[in-house]
Amino acid sequence: MSDAEKVELRRAIGTAEERTQLESFLDFYRNTLLRKCEGLSDEQLKSHPVATSDLTLLGLIRHYAGVEQFWFEHIFANELSTWYYDAANDPDVDFHDLDGISVEEALNNFHSSIATSKRITLGHADDMVATLPHPMGYQVNLRWIYIHLIEEYARHAGHADLLRELIDGTVGY
């Protein structure tokens, strides 16, 4: 997409209705994570450029497949059958055992989780209350889930920026 096309898309989103804005910002951050991983080898995606942290770009991809599953499939729709990454024995499993599945499978899980999230939300109003309560016991609606995911993706996009810069010096988005 050219810079002019990006500006036009942003201009259209700037005055769009709320749901279009929420979905567009969430898609922007989903794609930002993928852009931060473009052109890197499997070893680079698995690398820990900050020695004191478990964060890796591959771990973030795996984390977000699980986040999409948790909020849309599990909490909103209560139709989750199998977790991509079972956190029963390790709550941070998405950042550990990076050799447990291939990078290709992790990316497929990420894309599949997004497709499922979009399917689940299709046709539901933003104020529709999720089927299951938030883990802390209170109810949330679909709007809250969108805003929460935008917030969480944005926070981790900053982590991805720093990881990528430390891996190969690439900056920007």
When restricted to 90, 97, the only residue in contact with a His (Cβ under 8 Å, 6 or more places away or on another chain), surrounded by fewer than 18 Cβ atoms within 10 Å (Cβ to Cβ) and part of a loop (DSSP other than H, G, I, E, B) is 90
Condition set over 27 Å from residue 62 (Cβ atoms), more than 21 Å from the chain's Cα centre (by Cα) and not aromatic (Phe, Trp, Tyr), scope segment 124-140, selection surrounded by the fewest Cβ atoms within 10 Å (Cβ to Cβ): answer is 137
Scanning segment 27-61 residue by residue, those more than 14 Å from residue 94 (Cα to Cα), of a type outside the set (S, T, N, Q) and part of a helix (DSSP H, G or I) turn out to be 27, 28, 29, 30, 33, 34, 35, 36, 37, 42, 43
Taking segment 110-119 and keeping residues closer than 22 Å to residue 18 by Cβ and buried (at least 17 other Cβ atoms within 10 Å of the Cβ) leaves 114, 117
Residue 75 vs (1) over 20 Å from residue 162 (Cα atoms); (2) assigned to a helix (DSSP H, G or I); (3) aliphatic (A, V, I, L, M); (4) free of Cβ contacts under 8 Å to residues at least 60 places away in the same chain: all pass except (4)
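Every number in this text was worked out from the coordinates using simple rules, so none of it is lab data. This one's a predicted model, so the numbers in the text were calculated from it and none came from an experiment. Every residue, glycine among them, receives a Cβ derived from its backbone with ideal geometry; neighbour counts consider all protein chains shown.
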